[in-house]
Amino acid sequence: MKHLTTKDLMTAGIFSALYFLAIGLVTFICMFTLPVLGNFLLPAVAALTTGSIYFLLLKQVPKFGAITIFSLVMGTFLLLSGHFPLAIIANLGFSGLADWFTYRTTFQTKHKSLLGYILFSYGLTGPLLPLWFMKQQYIDNLTSRGKTATYISGMFQYVTPTFFILLMFFILIGAILGGIYGQKLVAKHFGQTSSKQISDLYD
């Protein structure tokens with residue numbers, strides 16, 4: 001089994017910073033176009049637009065641990081910006097799951113890396129999950145940050161079981177489309193990392 005080198009860590013860090021900047025841009029666009037609803041659609045839009053960064057990382061550092069490190073900058077930002085611990089748990093949990101699925105399972109399919117990207121994409125649901133599972137604490141947090149009752153009621157109009165299911169579905173579709181496009185873009189310009197190349201790391 002090949003371990004991450006210092007160069008690998010630096011490369012993953014660079015891609016993590018690029019991903020963080022891309023998410024920042026996506027966040028700005030979502031908030032500018034849809035001030036409240038954009039909060040909810042962010043994970044799906046991010047999954048649709050950042051696949052090329054993810055798959056370029058897999059091309060440059062095809063080793064277990066790289067995907068988890070890739071998400072550390074975002075996880076650190078969520079921690080320092082005052083989000084609930086659930087946000088960090090989801091962010092690192094889904095990236096770790098994607099890491100494990102991509103490099104540690106014996107599941108053989110040409111779509112393995114795409115399925116890993118789908119898992120990874122659900123990591124950005126972390127900041128949203130407390131709206132459903134920690135509702136009162138979330139309201140108290142918004143109130144302490146000076147948010148108005150109008151803003152809070154406008155946000156929670158979307159917090160329904162039906163919309164939660166739709167949100168998960170939107171992320172799935174965004175990840176599939178963004179992942180396929182990202183794979184094709186990376187394969188076209190940098191060559192493709194096959195499932196065999198990944199499995200060879202553990203021979």
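The values are calculated or read from the model by the stated rules, or taken from the named source; none is laboratory data. The structure displayed is predicted, hence computed values, not measured ones. Note: accessible area is taken over every heavy atom of the protein model, side chains too, but ligands, DNA and RNA are not part of it. Shrake-Rupley method; radii C 1.70, N 1.55, O 1.52, S 1.80 Å.
Summary table
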item: Solvent-accessible area of Met134 with every protein chain in place, 1.4 Å probe, in Å² to the nearest 10; result: 50
item: Rotationally averaged projected area of the range 1-98 (alpha carbon convex hull; nm²); result: 6.5
item: Of Lys2/Lys184; Lys7/Lys184; Lys59/Lys184; Lys63/Lys110; Lys7/Lys59; Lys2/Lys188, pairs whose Cα-Cα distance is over 20 Å; result: Lys2/Lys184; Lys7/Lys184; Lys2/Lys188
item: Inter-part distance where the range 32-75 and the range 127-152 are each reduced to a Cα centre, Å; result: 24
item: Extended-chain gain in nm, criterion 0.36 nm per residue less alpha-carbon gap, Asp140 and Leu166; result: 6.8 nm
item: Whole-Å semi-axes of the ellipsoid equivalent to the range 8-47 (Cα gyration tensor, √5λ, descending); result: 25, 9, 5
item: Angstrom value of the Kirkwood radius, inverse mean 1/r, which spans all Cα pairs in the range 148-192; result: 13.0
item: Bins of 5 Å, starting at 0 and running to the largest distance - Cα pair percent for the range 48-114; result: 3, 17, 24, 24, 17, 10, 4, 1, 0
item: Helix axis angle, 135-144 relative to the chain longest principal axis, alpha carbon, degrees; result: 70
item: Alpha carbon convex hull of the range 39-82, volume per residue in cubic angstrom; result: 75
item: Kirkwood Rh in Å, taken over the chain so that all alpha-carbon pairs contribute; result: 17.6
item: Rg/Rh (Cα only; Kirkwood hydrodynamic radius) as it applies to the range 73-161; result: 1.11
item: The range 50-111, accessible area per residue, ligands and nucleic acids excluded (1.4 Å, Å²); result: 45
